[in-house]
1. Given the condition open to solvent by 50 Å² or more (accessible area, probe 1.4 Å) and not basic (Lys, Arg), answer yes or no: does some residue in the range 29-50 qualify?
2. Taking the range 226-250 as the region of interest, how many residues are within 12 Å of the ligand (Cβ to nearest atom), open to solvent by 70 Å² or more (accessible area, probe 1.4 Å) and modelled with pLDDT of 95 or more?
3. Out of all the residues in the range 252-261, is one or more in contact with a His (Cβ under 8 Å, 6 or more places away or on another chain), of a type in the set (A, V, I, L, M, F, W, C) and not in a loop (DSSP other than H, G, I, E, B)?
4. Could you list all residues from the range 273-295 that are closer than 28 Å to TYR49 by Cβ and either aliphatic (A, V, I, L, M) or open to solvent by less than 60 Å² (accessible area, probe 1.4 Å) (or both)?
5. Counting only residues that are of a type in the set (Ser, Thr, Tyr), surrounded by 15 or more Cβ atoms within 10 Å (Cβ to Cβ) and in a helix (DSSP H, G or I), how many does the range 172-225 have?
6. Of the residues ASP289, ASP241, only one is touching a helix residue (DSSP H, G or I) at 6+ places or on another chain (Cβ under 9 Å) and acidic (Asp, Glu); which?
7. Write out, first by first residue and then by second, each pair whose Cβ atoms fall under 8 Å of each other, whose residues are 6+ apart or on separate chains, and whose first residue, in the range 247-272, is free of Cβ contacts under 8 Å to residues at least 40 places away in the same chain and more than 17 Å from ASN302 (Cα to Cα) while the second is of a type in the set (D, E, K, R) and more than 8 Å from the ligand (Cβ to nearest atom).
8. Mind checking whether some residue in the range 251-261 is over 24 Å from the mean Cα position of the chain (by Cα) and away from the ligand (no atom under 12 Å from the Cβ)?
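The values are calculated or read from the model by the stated rules, or taken from the named source; none is laboratory data. Note that the structure is a prediction, hence the values are computed from the model and not measured. Using ideal geometry, Cβ is built from the backbone for each residue, glycine included, and neighbour counts are taken over all protein chains shown. We work out accessible area using only protein heavy atoms, side chains counted, and drop any ligands, DNA or RNA first. Shrake-Rupley method; radii C 1.70, N 1.55, O 1.52, S 1.80 Å.
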Amino acid sequence: MSAVTLKTTGAKMPLTGFGAWKVSKETCADTIYNAIKSGYRLIDGAQDYANEKECGEGVRRAIKEGIIKREDIFITSKLWNTFHAKEHVEPMLKKTLEDWGLEYIDLFLIHFPLAQKYVDPSVRYPPTNVNDVEKGVAEYQNTPISETWAALEACVDKGLTKHIGISNFNAGLIRDLLTYARIRPSVLQIEHHPYLTQPKLIDFVKSQGIAITAYSTFGPQSFIEMDHPAVKNQPLVLEHDVVTGIAKKHGKTPGQVVLRWATQRGINVIPKSNNQSRLEQNLQNESFDLTEDEIKQISNLNINLRFNDPADWNPSVPIF
Ligand code: NAD
């Protein structure tokens with residue numbers, strides 16, 4: 001399996017990983033274990049996904065059975081918005097480590113460039129779920145990203161995480177962060193699919209030596225179950241004629257074509273699936289190559305359609 005070399009440390013990050021968002025607590029440990037058994041070597045989790053204990057159970061089972069050693073797998077987690085203050089960053093990373101049952105993780109990202117009011121984990125954890133947002137419970141606090149970043153750098157110094165990075169940041173915020181970062185971000189994780197390609201952001205980030213991870217690579221597919229209003233306004237990416245035509249030509253599935261469109265450009269992908277055969281199929285996206293023209297045809301499907309946007313939350317913050 002191919003990997004991206006992270007410029008900050010020279011460590012390898014697998015190009016294709018497994019995303020854990022919306023994997024239910026009940027099935028999560030088995031799903032993660034099966035993903036590892038099927039060959040996945042990167043798991044993308046987050047405090048907000050409410051399943052880090054179960055993800056850890058799956059990983060530890062695979063280690064216990066000798067399928068992998070700890071150093072064979074790349075674990076990502078994300079600091080939730082309510083833990084941006086300097087006094088919360090390290091304790092909350094330690095909570096994440098305790099949940100996974102691991103001594104370190106490989107990558108810890110700031111999930112969103114939004115500092116929300118602290119919620120004590122003994123009161124509610126994870127602190128934000130869809131209902132809270134719908135009820136308008138989310139409140140913001142004045143913590144600058146520079147404070148959060150310095151606290152994350154201290155976590156790297158202590159060996160709690162090997163790398164730190166950012167998610168859902170725009171180029172202006174990244175430029176600002178780079179003016180004071182003692183440890184540069186290794187990775188930017190962004191929504192990236194044929195309906196939201198963001199080529200200028202990607203060029204800028206690559207020019208800074210920061211690796212890019214694409215999330216929701218299948219575009220609307222992940223948002224059907226959330227009843228996202230924008231899903232119905234255009235064909236599903238995986239059913240679009242351009243994608244299905246290219247898939248047919250290569251004898252591959254539409255999912256593999258869309259993933260390959262990203263991985264062939266050196267962008268990490270972290271597709272999520274609860275279905276064993278799709279999970280395997282997604283991992284095998286690197287088994288063929290698209291032509292330059294096919295990559296262009298897929299990129300030309302861009303309509304700047306974003307599905308994961310805090311502008312839709314309550315209270316709304318239009319960060320993009
Ligand atoms: P995704 O693009 O991986 O799509 C998942 C959906 O596609 C699921 O409904 C699944 O059943 C379906 N699917 C999976 N494989 C398929 C296939 N081969 N054919 C047809 N359908 C298939 O979307 P996602 O889960 O939103 O994103 C992937 C991961 O990215 C998440 O699990 C999470 O780890 C991460 N993520 C991060 C953020 C962030 O803010 N940083 C936001 C969203 C997701």
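1. Taking the range 29-50 first, the residues open to solvent by 50 Å² or more (accessible area, probe 1.4 Å) are 30, 34, 37, 41.
From the residues that got through so far, the ones that are not basic (Lys, Arg) too are 30, 34.
The answer is yes; a qualifying residue exists.
2. Within the range 226-250, the subset within 12 Å of the ligand (Cβ to nearest atom) is 226, 228, 231, 236-239, 243-244, 247.
Remaining after also requiring open to solvent by 70 Å² or more (accessible area, probe 1.4 Å): 226, 239.
Filter again for modelled with pLDDT of 95 or more, leaving 239.
Residues meeting the conditions: 1.
3. yes
4. Start the filter on the range 273-295 by keeping residues that are closer than 28 Å to TYR49 by Cβ, which leaves 273-286.
Matches in the range 273-295: SER273, LEU279, GLN281, ASN282, LEU283, ASN285, GLU286.
5. Counting residues in the range 172-225 that are of a type in the set (Ser, Thr, Tyr), surrounded by 15 or more Cβ atoms within 10 Å (Cβ to Cβ) and in a helix (DSSP H, G or I) gives 1.
6. Working: ASP241 fails: touching a helix residue (DSSP H, G or I) at 6+ places or on another chain (Cβ under 9 Å).
Just a single option satisfies the conditions, and that option is ASP289.
7. Matching pairs, first to second residue: LYS252/ARG260; GLN264/ASP289.
8. Of the range 251-261, the ones over 24 Å from the mean Cα position of the chain (by Cα) are 251-252.
Still in the list and also away from the ligand (no atom under 12 Å from the Cβ): 251.
Checked the range 251-261: at least one residue is over 24 Å from the mean Cα position of the chain (by Cα) and away from the ligand (no atom under 12 Å from the Cβ).
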